[in-house]
Amino acid sequence: EFDQMWASQWVSLPDADHRRLRKLVSPAFSPRYADSIRDAAQATVELALTDVDQNGLIDICHLTRDIPSLILARYIGVPVESLDDFNALGQSVIASFDTKATPDIEGATRGIALIKQLMAEKRQQPDDSFLSTLVNHVEDGERITEMEAVALLASLFAAGVDTSSGVLNVVIYSLAKHEGWSAWLAQHPERALDVIAESLRWRVATHRGHTRFAKEDVEINGYIVRKGEMVQLMNHITGLDEITFVDAHEFNPARENLKKYGIFGEGAHYCLGHALAKLITETNNYKTHLAQFS
């Protein structure tokens, strides 16, 4: 089943199927679903902080993995007692991109089985929830298939936890490295997204870039990329453009043009889960405690 799920991953699908699925699932990613669990997300942060606080010391890496996982579980409707299997599924998806990693196939298989069970319950008893909307929404006579939904949720758990954890680590690191900005954030909590954007612009969470293959010969600044050659698009470099961002190597969340740094992508590939990502990284208690950590 893991192989079947992997074959249905969006990264493996032709463009036409990608567009079809995005159209089908977009209603499930409405910002209102993220807003509906905002209070629960804040409570999750408080509880996680209490659990990991040992004699005044906090394991940041542990914290920044646990909180996104717990909030995603609440968003999807995953029982807390089954969280380990969902984490195993998400980590197995990530491990599939790493030849040195060993996916937990048994745990991932249990995660897939539980996703199928939860979806079956929502199809029999639909309600106004993210998962119910995902599996029951009909567009032009079509709805998402069971395995397509499983693949999407597995990717959400994989990328959602991994990316959010990386972002939070970068934000905390950025604040710790630059004296004074923690106090500024405490005084301007409404600028939390600016702190996140500037942290990612100044020190992006990943430098691997996006792999693409040239469909035909193309010339870029005098260099010829031959048909079939692999290129990696290092999008984060745009954040260091001195023409757009004055003193680009300086950390300054008070910049007025941070919207020009598209942290959620653009166009057809704009992040579907942007509202959920904002919830995880912008939760009010994070605004308070990020300042304390630095």
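The values are calculated or read from the model by the stated rules, or taken from the named source; none is laboratory data. Owing to the predicted nature of the structure, the values given are computational and were not obtained by experimental measurement. Backbone-built Cβ (ideal geometry, glycine too); neighbour counts: all protein chains shown. Remember, those area values only see protein heavy atoms, side chains included, never the ligands or the DNA or RNA. Shrake-Rupley method; radii C 1.70, N 1.55, O 1.52, S 1.80 Å.
List of remarks:
- Dipole size of the chain about its Cα centre, with +1 on Lys/Arg Cβ and -1 on Asp/Glu Cβ: approximately 440 debye, rounded to the nearest 20.
- Taking the Kirkwood radius as Rh and the Cα radius of gyration as Rg, segment 218-266 has a ratio of Rg/Rh equal to 1.11.
- Largest first, the residues MET234, MET119 sort by 1.4 Å accessible area into MET234, MET119.
- Computed about the Cα centre, the dipole magnitude for segment 132-241 is approximately 460 debye when only Lys and Arg (+1) and Asp and Glu (-1) carry charge, each at its Cβ.
- Subtracting the Cα-Cα distance of LYS227 and ALA16 from their residue separation scaled by 0.36 nm leaves 73.7 nm.
- Across the chain, C-alpha contacts under 8 Å between residues 6 or more apart give a mean separation that, scaled by the residue count, equals a relative contact order of 22 percent.
- At q = 0.11, 0.15, 0.16 Å⁻¹ the log10 of I(q)/I(0) for the chain amounts to -0.74, -1.30, -1.41, computed by Debye summation with a single uniform scatterer per C-alpha, solvent ignored.
- Computed [θ] at 222 nm, helices only, for the chain once each DSSP H run of length n ≥ 4 contributes -39500 (n - 2.57): -17500 deg cm²/dmol
- Among the listed pairs LYS227/LYS278; LYS23/LYS278; LYS100/LYS177; LYS227/LYS259; LYS215/LYS278, those beyond 27 Å (Cα-Cα): LYS227/LYS278; LYS100/LYS177; LYS227/LYS259; LYS215/LYS278
- Whole-number Å³ per residue for the convex hull built on Cα positions in segment 65-120: 79 Å³
- Placing unit charges on the Cβ atoms of the charged side chains and taking the dipole of the chain about its Cα centre, the candidate lying farthest along the positive direction among ALA158, THR211, ILE37 is THR211.
- Ligands, DNA and RNA aside, LYS116 has an accessible area near 40 Å² when probed at 1.4 Å.
- Only the Cβ atoms of Lys and Arg (+1) and of Asp and Glu (-1) were treated as charged; on that basis the dipole of segment 67-183 about its Cα centre amounts to roughly 220 debye.
- Helix runs (DSSP H) in the chain reaching 30 Å along axis by Cα, Kyte-Doolittle at least -0.5: 146-177
- For segment 89-221, fraction of C-alpha pairs farther apart than 19 Å, in %: 68 percent
- Taking all protein chains together, ARG22, ARG212, ARG123 sort by accessible area into ARG212, ARG123, ARG22, largest first [probe 1.4 Å].
- Measure of compaction for segment 1-132 (Cα Rg per 2.2 N^0.38 Å): 1.19
- Using the alpha-carbon positions of segment 155-257, Rg (one decimal) and Dmax (whole number) come out as 17.2, 53 Å.
- Calculated P(r) of segment 42-91 - Cα pairs past 13 Å, %: 59 percent
- Per residue, the accessible area of segment 36-137 comes to 53 Å² when a 1.4 Å probe rolls over the protein heavy atoms.
- Calculated translational diffusion coefficient of segment 101-158 (4 °C, 1.567 mPa s; Stokes-Einstein with Kirkwood radius over alpha-carbon pairs) equals 106 µm²/s.
- Ranking by accessible area, most exposed first, for ARG226, ARG255 with a 1.4 Å probe: ARG226, ARG255
- Measuring nothing but protein heavy atoms, the accessible surface of segment 18-80 at 1.4 Å probe radius is 53 percent carbon and sulfur.
- Whole-number accessible area per residue in Å² for segment 188-244, which is evaluated in the context of all protein chains at 1.4 Å: 71 Å²
- Relative contact order for segment 12-142, counting Cα pairs under 8 Å that sit 6 or more residues apart, in percent: 27 percent
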